[in-house]
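What follows is a short report on a single structure.
The values are calculated or read from the model by the stated rules, or taken from the named source; none is laboratory data. No experiment lies behind these values; they were computed from the predicted model shown. Positions of Cβ are generated from backbone atoms using ideal geometry, with glycine treated the same way; all protein chains shown enter the neighbour counts. The accessibility values were calculated without ligands, DNA or RNA, using every heavy atom of the protein model including side chains. Shrake-Rupley method; radii C 1.70, N 1.55, O 1.52, S 1.80 Å.
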Amino acid sequence: MNKKWGIAIIMCLALCAFNIATEHIFEVPKNWPKPTYNSNKNPLTKEKVELGRELFYDPILSKNNLISCASCHSPYTAFTHVDHDLSHGIDDRIGTRNSPALMNLAWHHLYMWDGAINHLDMQALAPISHPDEMGEKIESVVLKLQHSKKYSKLFLKAYGDTVVTGEHTLKAISQFMLTLISANSKYDSVMRKQSHFTEQESKGYQLFKQHCASCHTEPLFTHTGFENNGLPIDSTLNDIGRMRITKNPQDSLKFKVPTLRNIEFSFPYMHDGRFKKISDVLKHYTSGIVHSKTLAKSLQQPILLSSNDKVDLTTFLLTLTDKVFLFNPKHSFPKK
Amino acid sequence: MVMRKFIWMFCVLVTHNFLFSQQDKLVFHPTFFNQTLKPEVYYKLNAKDSIQITSFKFYVSQLELLNGRETVWKEQSSFHLIDAFDEKTIVLSVPSNITFTKIKFQIGIDSLTNVSGAMGGDLDPTKGMYWTWQSGYINFKLEGNSNLCKTRHNEFQFHLGGYQQPFNCLQTVFVQVKSKANVTLNMDVAKLLLYIQLSELNHIMSPSKEAVELSGKITETFSVSYE
């Protein structure tokens, strides 16, 4: 009997230790909602996250072995592509959209500007296979990884098996992306009552809650749904957004609401990267809104902001910069 | 505590093996009219055309046996990728000591599985049955060429799938069976192709109205024979 209890206690302890370990890798910030990503189906471990990180930074995922995920999602710019409006991929081909900043992805339920991807695990398939991005096939990626000594070791460590599968490759990349949590901006410390807004930031926060928060909802600064925010159509791209997927005219010109966290670093802005500066964006919201059938209700009435208001609002938006996130060594290029 | 659980599991496994060790075969047999369908062979629908099938793959899922209206057996985590030209994949097995009058299964992958992230085995995205630019499994894939198609190499490609309304392509198939012995499910591709009008429609590559319509015809291709 004693022995059995002993075993039971050891198992409990092991389980607790495991829980503590995973919590440390993926911690839900205080007062945040429950993540949409079900990590019970893909429990995070240090080894799997590390494998995912290697994959994220490795051009082996592309056909010519030159383009990695980080080519378009650089850690120092909140994982977006800064120098281009439309992202550049394999053989310098230009895509049709701006690469979004990557953070807090565990709380999203659909991915891409039009929600084409229904699960974070499936996200990597899109750039890997896209002829203008990495131009490769997941089947060949798996073969390349299988033939690499480095990855045999890493897969063994992560999954206890040197056999590389599509499932394990994708889930590891997900694990790395799940750890990209930004919740340490000045805004966050104010919310945790560890610091204070300046008067200007405070005013900006009020304006933000009044005009912007219905879509860029706290604490993620996006409600993760799709909206038409009144941008004029770019006739060279004719991007209809969400309607491409649902084929429903009510979704015409709706795009996924992007987060505003780290907005200071994630320019250029919007799905096609049309704006370079925050001031361009504010100009759009105050005087550039195009009224079409699917324009969001909250933007039907004009937003009036004086030039002081604009400065205040911008000052607030800059409190969303999270240096801990941007310069986190755990997120950057893996060391040899 | 732990020990008792093991013993219990052991008993379950042993009885399970005893009960289900006898297996009958359920064979998916692709045909073109009454002939066995072979890859790269030319067939005729009408006098004027000639048709060759290069790839024919589909998912069979949620396999169930019914006796009258009652479900008497249900396969656990039931997902099979069937490649009509790969003998290894066309044979499924069902327990032989169960009396049943109907076989039920789905052609394709249900919506819950479609939104559940990366999976392994036959559902691994390396199997070529997953859309990359828009998430979702391809339920049914038929590719080939015909002189009726005014396309490059006279190719046609039908990739049917989609799990969201109004473009949900999942199909439920019921087949009445008489005998309990090994069952062969014949699938007549010619019936699908007669429905399509290859001269007008030569590809479907995404969830759409056309995909839903054509998926609805898959059930009509089935007929039963016994070994």
Of the residues in segment A:59-75 that are open to solvent by less than 40 Å² (accessible area, probe 1.4 Å) and among the polar types (S, T, N, Q), the one that is farthest from A:Ala126 (Cα to Cα) is A:Ser74
Which residue out of B:Gln157, B:Gln165 is part of a strand (DSSP E or B) and more than 30 Å from B:Thr101 (Cβ to Cβ)? B:Gln157
Test B:Phe174 against the criterion of being away from every other protein chain (no Cβ under 14 Å), open to solvent by 60 Å² or more (accessible area, probe 1.4 Å) and not in a loop (DSSP other than H, G, I, E, B), and give yes or no. yes
Taking B:Ser116 as the residue in question, decide whether it is outside any strand (DSSP E or B), modelled with pLDDT of 90 or more and either open to solvent by less than 10 Å² (accessible area, probe 1.4 Å) or at negative phi (or both). yes
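Taking segment B:139-156 only, how many residues are touching a residue at least 40 places away in the same chain (Cβ under 8 Å), of a type outside the set (Lys, Arg) and either surrounded by fewer than 18 Cβ atoms within 10 Å (Cβ to Cβ) or more than 26 Å from B:Val183 (Cα to Cα) (or both)?
Count: 10.
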Could you figure out which of (1) within 24 Å of A:Leu220 (Cα to Cα); (2) touching a residue at least 12 places away in the same chain (Cβ under 8 Å); (3) under 23 Å from the mean Cα position of the chain (by Cα) isn't true of A:Ser298? (3)
For segment B:119-154, give me the residue count where each residue is part of a strand (DSSP E or B) and either within 18 Å of B:Leu81 (Cα to Cα) or not small (Gly, Ala, Ser) (or both). 9
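Looking only at segment A:292-336, how many residues end up being outside any loop (DSSP other than H, G, I, E, B) and open to solvent by 20 Å² or more (accessible area, probe 1.4 Å)?
14
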Check on B:Leu123, hydrophobic (A, V, I, L, M, F, W, C), within 28 Å of A:His168 (Cα to Cα) and within 13 Å of chain A (Cβ to nearest Cβ): yes
Given the residues A:Asn228, A:Asn308, which is the only one that is outside the structural domain of A:Ile25 (by TED's automatic domain parsing) and free of Cβ contacts under 8 Å to residues at least 40 places away in the same chain? A:Asn308
Listed by range, helices (runs of 4 or more DSSP H) wholly within segment A:108-218 having at least 3 residues that are in the same structural domain as A:Lys256 (by TED's automatic domain parsing) and loosely packed, with under 15 Cβ neighbours inside 10 Å are A:199-211
Considering only segment A:232-263, how many residues are of a type outside the set (S, T, N, Q), surrounded by fewer than 15 Cβ atoms within 10 Å (Cβ to Cβ) and in a helix (DSSP H, G or I)? 1
Any hit, segment A:28-44, residues being open to solvent by 30 Å² or more (accessible area, probe 1.4 Å), in a loop (DSSP other than H, G, I, E, B), of a type in the set (A, V, I, L, M) and under 25 Å from A:Thr222 (Cβ atoms): yes
Yes/no for A:Ser266 being open to solvent by 40 Å² or more (accessible area, probe 1.4 Å), more than 14 Å from chain B (Cβ to nearest Cβ) and assigned to a loop (DSSP other than H, G, I, E, B): no
From (1) assigned to a loop (DSSP other than H, G, I, E, B); (2) closer than 25 Å to A:His223 by Cβ; (3) within 14 Å of another protein chain (Cβ to nearest Cβ); (4) at pLDDT 90 or above, pick out the condition that doesn't hold for A:Arg97. (4)
Return yes when B:Ser135 is within 14 Å of chain A (Cβ to nearest Cβ), in contact with a strand residue (DSSP E or B) (Cβ under 6 Å, 6 or more places away or on another chain) and open to solvent by less than 20 Å² (accessible area, probe 1.4 Å) and no when it is not. yes
Could you please find all residues in segment B:189-227 being assigned to a strand (DSSP E or B) and open to solvent by 20 Å² or more (accessible area, probe 1.4 Å)? B:His203, B:Phe222, B:Ser223, B:Val224, B:Ser225, B:Tyr226
